[in-house]
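Student: Before I ask anything, let me first share the structure, which is written out below as C-alpha cells.
The values are calculated or read from the model by the stated rules, or taken from the named source; none is laboratory data. Note that this is a predicted model, so its numbers are computed, not measured. Using ideal geometry, Cβ is built from the backbone for each residue, glycine included, and neighbour counts are taken over all protein chains shown. All accessible areas refer to the heavy atoms of the entire protein, side chains included, with ligands and DNA or RNA removed. Shrake-Rupley method; radii C 1.70, N 1.55, O 1.52, S 1.80 Å.
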Amino acid sequence: MISVGSSTIATKDSNGNEQSIVIDEDTVIREMNKTVSIADIQDGSQVAVIGEPNDTGQIHARLIRIFDATSSAPEMPGN
C-alpha cells in the first residue's frame, strides 16, 4: 500500500508495480471478521483487492481485504 485517499488507494505489488484502486459505496472492505470503511485502511497496510479494470486503467474494487501488519497477505497465483 502506498497511500489512501477519500475514494482511491494507491498500491504497489511485490514486483513494484503501482496500481490505482477506485472505491465506491458498493465496495466491501473487510478486516478480520468485520466490515470497515476506507478510513480504516492505513498507509502501509497490506491489502488484497478483487475488482475489474475501468476505462482509465484503474481497478474498480468490489472487495478489499485488510491484513494485519504482522501477517502476510496471501500470494496471488502467478506471483
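Student: Residue by residue through the range 3-36, note down the ones that are surrounded by 12 or more Cβ atoms within 10 Å (Cβ to Cβ), out of contact with any helix residue (DSSP H, G or I) (no Cβ under 9 Å at 6 or more places or on another chain) and among the hydrophobic types (A, V, I, L, M, F, W, C).
Tutor: Of everything in the range 3-36, those that are surrounded by 12 or more Cβ atoms within 10 Å (Cβ to Cβ), out of contact with any helix residue (DSSP H, G or I) (no Cβ under 9 Å at 6 or more places or on another chain) and among the hydrophobic types (A, V, I, L, M, F, W, C) turn out to be Ala10, Ile21, Val22, Val28, Val36.
Student: Same structure, new question: Determine whether Ala39 is open to solvent by 70 Å² or more (accessible area, probe 1.4 Å) and either modelled with pLDDT of 90 or more or outside any loop (DSSP other than H, G, I, E, B) (or both).
Tutor: Working: open to solvent by 70 Å² or more (accessible area, probe 1.4 Å): yes; either modelled with pLDDT of 90 or more or outside any loop (DSSP other than H, G, I, E, B) (or both): yes.
Yes: the conditions hold for Ala39.
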